[in-house]
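Structure record follows, encoded as structure tokens.
The values are calculated or read from the model by the stated rules, or taken from the named source; none is laboratory data. Source: prediction; values computed, not measured. Glycine gets a Cβ as well: all are built from the backbone with ideal geometry, and neighbour counts include every protein chain shown. Heads up: the accessible areas ignore ligands, DNA and RNA and are worked out on the full protein's heavy atoms, side chains in. Shrake-Rupley method; radii C 1.70, N 1.55, O 1.52, S 1.80 Å.
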Amino acid sequence: MAQSLTKIPFVDELAAIADNMYRLGWDERNGGNISYLIPEKEVAEYIDVTNVMRTIPLGFDAVELVGKYFLVTGTGKYFKNVKGDPKTNLGLFRIAKDGATAELLWGYVDGGKFTSELPAHLMSHIARLNVDPQNRVVMHTHPTNLLAMTYVHELDTKKFTHTLWQMSTECIVVFPDGVEVLPWMLCGTNEIGVATAEKMRDARVVVWALHGIYGAGKTLDETFGLIETVEKASEIYIKTAHLPRSNTIKDEQLVELAKHFNCNYRKEFLDIE
Ligand code: 2HA
Ligand code: ZN
């Protein structure tokens, strides 16, 4: 990587993504958080996994993730600063044998800790790993147009997905499982974590109404691309919702797309078949 700061590839990769998300205006102030599961073999190439610097209570049960390593953005930290100072703004920890403690191995050097949204992240990792053992990333951010859309569009999973699929031809191919929509809930709690993870069983994207979005995927690039596609569709919606609609992608055409690209789309989100 050209602008390597730590020479730890997974750290530099996350820093670059956070920087890009900030640049897009999605992560004002301390908005947004990312968690990245790193296989032990990869961690051990760069970090001494026997040297636990601190232990931090998780505040919830993550027994399904015992022994797994996560690189996670810090609480109160700004995406804009991650690239310049990854060791302060990020931390890498292992889930201890009790399933309730984080063993810090790298980062959070100012005495900080992981994002307040860790319950939603780790519970979502558990949910996605059950569906796809390759899942490694959970990403939360505040994309501007998506957020705007949740103020003016009905907060119904089927209707919201259907609208987004109509907003750009590639949508049904990129997120055939649609977007699950949660109503406004208090963030930073175990309750919103449980609700998010429950939705993550059915889809890789969960919208937090009037707040932002969660995305999950195999790689940082793929997960970013997923959210980017939803955000682009939301932008088209925001730019056209108040105008008379002359053209639209019809449900028959969405089916045609899904068939052509061999996508297992959520058939219940269309009004036909
Ligand atoms: O951590 O985005 O949802 C900042 C947030 C909270
Ligand atoms: Zn947020």
Using the alpha carbon gyration tensor of segment 1-128, what are the three equivalent-ellipsoid semi-axes (square root of 5 times each eigenvalue), largest first, in whole Å? 22, 17, 13
Is the shape of segment 88-143 rounded, prolate or oblate, going by the alpha carbon gyration tensor and its root eigenvalues a ≥ b ≥ c, with a/c under 1.5 for rounded and a/b larger than b/c for prolate? oblate
To the nearest 20 debye, what is the magnitude of the charge dipole of the chain about its Cα centre, counting +1 on the Cβ of each Lys and Arg and -1 on the Cβ of each Asp and Glu? 360
Packing-based ranking, highest mean first, of 112-125, 51-64 given that Cβ atoms within 10 Å are counted: 112-125, 51-64
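Relative contact order of segment 131-273: what whole-number percent is it, with Cα pairs under 8 angstrom and at least 6 residues apart? Can you show the working numbers first?
Working: 205 pairs, mean separation 52.8, N = 143.
Answer for segment 131-273 is 37 percent.
For the chain, what does -39500 (n - 2.57) per DSSP helix run (n ≥ 4), summed and divided by total residues, give at 222 nm, in deg cm²/dmol to the nearest 500?
Details: 11 runs with 107 residues, N = 273.
Using -39500 (n - 2.57) per qualifying helix, the result is -11500 deg cm²/dmol.
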Mind jotting down the three principal axis lengths of segment 125-164 based on Cα atoms? Whole angstrom, largest first. 36, 21, 13
Between V63 and K159, what is the label-point separation in nm under the 7 Å Cα-to-beta-carbon projection? 4.1
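Find the all-direction average of the projected area of the Cα convex hull for the chain, expressing the result in square nanometres with one decimal place.
14.5
Can you give me the relative contact order of the chain as a percent, contacts being Cα pairs under 8 Å and 6 or more apart? List each step's numbers first, then the result.
Numbers: 521 pairs, mean separation 51.4, N = 273.
Relative CO of the chain lands at 19 percent.
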Heavy atoms only, probe 1.4 angstrom, no DNA, RNA or ligands counted: give me C171, C263 ranked by accessible area, highest first. C263, C171
Unit charges on C-beta of K, R, D, E only; dipole of segment 56-112, Debye: 280
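Which length gain, in nm to one decimal place, applies between N264 and W184 when the Cα-Cα distance is subtracted from 0.36 nm times their residue separation? Mind showing how you got there, number by number?
Working: separation 80, 0.36 × 80 = 28.80 nm, distance 2.90 nm.
So the extension gain works out to 25.9 nm.
Convert 10 °C to kelvin, take the viscosity as 1.306 mPa s, use the Kirkwood radius over C-alpha pairs of segment 158-273 as Rh, and evaluate the Stokes-Einstein diffusion coefficient in µm²/s, rounded to a whole number. Before the final figure, lay out each step's value.
Numbers: Rh = 14.9 Å.
The diffusion coefficient I find is 107 µm²/s.
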Order these peptides, 7-14, 184-191, by their mean beta-carbon neighbour count within 10 angstrom, highest first. 7-14, 184-191
Loop-located trypsin sites (Lys or Arg not before Pro) in segment 181-233 whose Cβ has at most 16 other Cβ within 10 Å (DSSP): R201, K218
